[in-house]
Amino acid sequence: HRVVLMAGLGYAFTETNPSLRRRLLRFVIKQMYRAALRRADAVLFFNPDDLREFCEESIIHPEQAVLLGGTGVDLTQFSPQPPVLSPVTFTLAARLLREKGIEEFAEAARLIKQRYLNTRFLLLGGLDTNPGSLREVEVRRWVDEGVLEWPGHVPDVKPYLMQTSVYVLPSYYREGVPRSTQEAMAMARPVITTDVPGCRETVIDGINGFLVPPRNLGTLVEAMERFIRQPDLIITMGQASRKLAEERFDVQKINAIILQAMGF
């Protein structure tokens, strides 16, 4: 049995209006995928947008495609935690790539802190070799300004999620389904994320958080302000996140789909 897992389409597929260079790169990568996946018995996808694109572009046959819905989280390891209502704390955990919406997060933090002094912003993640990576001097500037806290790459995200009121991922990177968001949801944290492939699978807008357009600072700030002005949303939407994590991201359920695809 040949089974392939497509984690997410990444850098080459991120831009909606790509440059000539990136269009060429995308074309070459699609040809390589087509050749590599021709003999696969099953191709596993984390989100329906990637699955649809691979079928519509005839990179794979529809009968090869299997939708997982996410990497899955051990719901016993990532258990619900009491809501954090003061100070209201927004956390983003990601590789420090521009496409992950890091600059939008920092700019939103700067604007929010001008209006609401008693707020915290945590940025978790290390610098990266990817072409879209931020430079350390840029991140240090935000820290020195007092805009956000940056512990860098952390070996265990749980202690930071315990301090978190709302998890934020304003990404426009071509994600599979972000693992960090699944973990935050399992710990009963509401989510603000973008209405783009992968990210949109983690939020039912208005139920466990808010979906915002990518690269839209105004809407991101508005969504953050709603949690500051209505802290009861931190409680109710956090509970809805945990429920959604149990329905969509239970690692036991996802592992069962993988084993079935592998013929076990």
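General remarks:
- Dipole of the stretch 1-65 [Lys/Arg +1, Asp/Glu -1 at C-beta], most positive-end residue of Y33, F46, G8: Y33
- Comparing Cα centroids, the stretch 213-264 and the stretch 56-88 end up 8 angstrom apart.
- At an R0 of 25 angstrom, the distance between the Cβ atoms of I204 and Q31 translates into a FRET efficiency of 0.10.
- Most mobile listed residue (T91, T76, T202) in the chain, GNM with C-alpha springs under 10 Å: T76
- Each Lys or Arg adds one and each Asp or Glu subtracts one; over the other residues with Cβ under 14 Å from the Cβ of N47, this totals -1.
- Computed over the chain with a Gaussian network model linking Cα atoms closer than 10 Å, the most mobile of A186, A36, A93 is A36.
- Computed [θ] at 222 nm, helices only, for the chain once each DSSP H run of length n ≥ 4 contributes -39500 (n - 2.57): -12000 deg cm²/dmol
- Take every Cα pair under 8 Å whose residues are at least 6 apart in sequence, average their separation, divide by the length of the stretch 69-191, and the relative contact order is 41 percent.
- For the chain, a crude dipole built from +1 on the beta carbon of Lys and Arg and -1 on the beta carbon of Asp and Glu, taken about the Cα centre, is about 440 debye to the nearest 20.
- Solvent-accessible area, 1.4 Å probe, carbon plus sulfur percent, for the chain: 53
- List H153, H61, ordered by accessible area with a 1.4 Å probe, largest first: H153, H61
- Residue-normalised accessible area of the chain, given per residue in Å² at a 1.4 Å probe: 47
The values are calculated or read from the model by the stated rules, or taken from the named source; none is laboratory data. Computed from a predicted model, the values in this text were never measured in an experiment. Backbone-built Cβ (ideal geometry, glycine too); neighbour counts: all protein chains shown. Each accessible area value is taken on the protein alone, full model and side chains, heavy atoms only, with ligands, DNA and RNA left out. Shrake-Rupley method; radii C 1.70, N 1.55, O 1.52, S 1.80 Å.
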